[in-house]
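Read the structure below first, then the notes.
The values are calculated or read from the model by the stated rules, or taken from the named source; none is laboratory data. Just so you know, these numbers come straight off a predicted model, no measurement behind them. Here Cβ is always computed from backbone atoms with ideal geometry, including for glycine, and neighbour counts include all displayed protein chains.
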Amino acid sequence: MFRTRRTTATCSLLTAGLLGWAGAPALATASPQGPAGTVRYVSALDFEEVANGWGPVERDRSNGERGAGDGRQLTVGGKSYARGLGVHPGSEVRVTSPGECTFASTVGLDGEVKGRGSVVFQVFNGEEEVWNSGRITGRGTKAVTAELAAGEVLRLVVTDAGDDPHHDHADWADARLTCRDGAGAQPPPSAPSPAPSAFEPQSFEGFDTTLDDELWWRYGGVASASRSPYASSGVSVSGGNLVLTSRKGADGVWRGAGVGHRVNQTYGRWTVRARAEKGRGITMVALLWPSAGGRPPEIDFAEDNGGDRDMMSVTTHFEDRTRKHSETAIDSTQWHDYAVEWTPGQIKYLIDGKVWATVADTRVPDEDMRLGIQTEAWVKGTNWIHSIEASTPRQVRIFVDSVKVESYVG
């Protein structure tokens, strides 16, 4: 039999929007006003049982997608957290209390869903529910504390609020046990302080409303005889995403779409979170090209060949018209963070935060460049790029969730 413990909760409904990425606050940590004792973060504990409704339960990351470690920084109510759990409805995490402990956490939907979704958080002491958040939507948050005795089983459960579970990325932010007797609750070793970053925030776009014409412009005109012209009508913002559509019109002409970013800089880091629908002969490209116009040089940091969406490539085009090209296997119909880190004499290409290709060369560009994101319909392909086929849908979309631009500070 599990003892009933008094549980308290406070609610703070945050109606303000998320802070802009460039102005994100410092990471939140355990409150110094909590009960005295040894702090043990739930994300550092062994789980006795664990389940999740979408991909794995993520430790110290948001739920992300189906892969392990594909989440982001935990962000709840506009505040970023270094520790916690990222989950999805249908989740349950069980841990055993190592002593007389107080469980505490701030809960809510992660900022990556941009105010969408609805969930219910529940805390159980064994089989007894001791706290229920009620329905949490948007950017609302609640704080919970619950008392546990040694050996009692803490169960953290998240369920759907009875509607569509899409966007229900839920966070147990700063989830921790503060144990007064300290039995078995030695804190994990402190992580070393991170090295100073070579990059600092410049701009962030989450595409929550309409396309900001002060930051972006829409492509127009003909790309080439082999590729479709670009149509500004193929650019839209919907569901918190920038949507670029290649479409076959009533006149039988294919038209692609693209946008250019107005931030110009020499060196830096660009990150584009995107996914693509399948469609033979329809490509997805994120690239940097000279602010002064003309090319080469050019840095293509996410380019597929309009095939089966099972690969991604990068190409560094040098001013002497030579190039270096690499490919990797990936399912680009799923969300991924595609990034490039461009520094003097070196370019690193990343997917989901991991470097997978590097170019170190004295010919690396050293002039102002800017970002372009585009989709093209290839009426006539090449040895590498597929052509449009009869099976190609008349409309193929590229979705862009967010764009981060960081400047290089050395």
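Numbers below:
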{"read-out": "Complete set of residues in region 369-384 that are over 28 Å from the mean Cα position of the chain (by Cα) and more than 16 Å from Arg255 (Cα to Cα)", "value": "Thr382, Asn383, Trp384"}
{"read-out": "Test for Arg40: is it modelled with pLDDT of 85 or more and of a type in the set (D, E, K, R)", "value": "yes"}
{"read-out": "Whichever residue in region 40-64 is of a type in the set (S, T, N, Q) and in contact with a Lys or Arg (Cβ under 9 Å, 6 or more places away or on another chain) and, among such residues, is farthest from Gln334 (Cα to Cα)", "value": "Ser43"}
{"read-out": "Meets criteria (in a loop (DSSP other than H, G, I, E, B), assigned by TED's automatic domain parsing to the domain that holds His261, out of contact with any Lys or Arg (no Cβ under 9 Å at 6 or more places or on another chain) and not aromatic (Phe, Trp, Tyr)) for Arg321", "value": "yes"}
{"read-out": "Close pairs (7 angstrom Cβ cut-off, 6 or more residues apart or separate chains): touching a residue at least 12 places away in the same chain (Cβ under 8 Å) and buried (at least 22 other Cβ atoms within 10 Å of the Cβ) in region 332-356, part of a loop (DSSP other than H, G, I, E, B) and hydroxyl-bearing (Ser, Thr, Tyr) anywhere", "value": "Trp342/Tyr267"}
{"read-out": "Conditions (1) surrounded by 18 or more Cβ atoms within 10 Å (Cβ to Cβ); (2) in a strand (DSSP E or B); (3) at pLDDT below 90; number of the one not met by Glu200", "value": "(1)"}
{"read-out": "Scope region 150-180; condition out of contact with any strand residue (DSSP E or B) (no Cβ under 6 Å at 6 or more places or on another chain) and farther than 27 Å from Lys114 by Cα; matching residues", "value": "Ala150, Gly151, Arg180"}
{"read-out": "Which numbered condition Pro393 fails, given (1) part of a strand (DSSP E or B); (2) over 20 Å from the mean Cα position of the chain (by Cα)", "value": "(1)"}
{"read-out": "Complete set of residues in region 98-120 that are surrounded by 24 or more Cβ atoms within 10 Å (Cβ to Cβ) and touching a Phe, Trp or Tyr at 6+ places or on another chain (Cβ under 8 Å)", "value": "Ser105, Val107"}
{"read-out": "Only listed residue being out of contact with any Ser or Thr (no Cβ under 8 Å at 6 or more places or on another chain), modelled with pLDDT of 90 or more and over 18 Å from Leu148 (Cα atoms), chosen from Glu58, Glu92, Glu65", "value": "Glu58"}
{"read-out": "Any pair with Cβ under 6 angstrom, 6 or more apart, that starts in region 158-174 at a residue that is without any contact (Cβ under 8 Å) to a residue 40 or more places away in the chain and ends at one that is crowded, with 18+ Cβ neighbours inside 10 Å and in a strand (DSSP E or B)", "value": "none"}
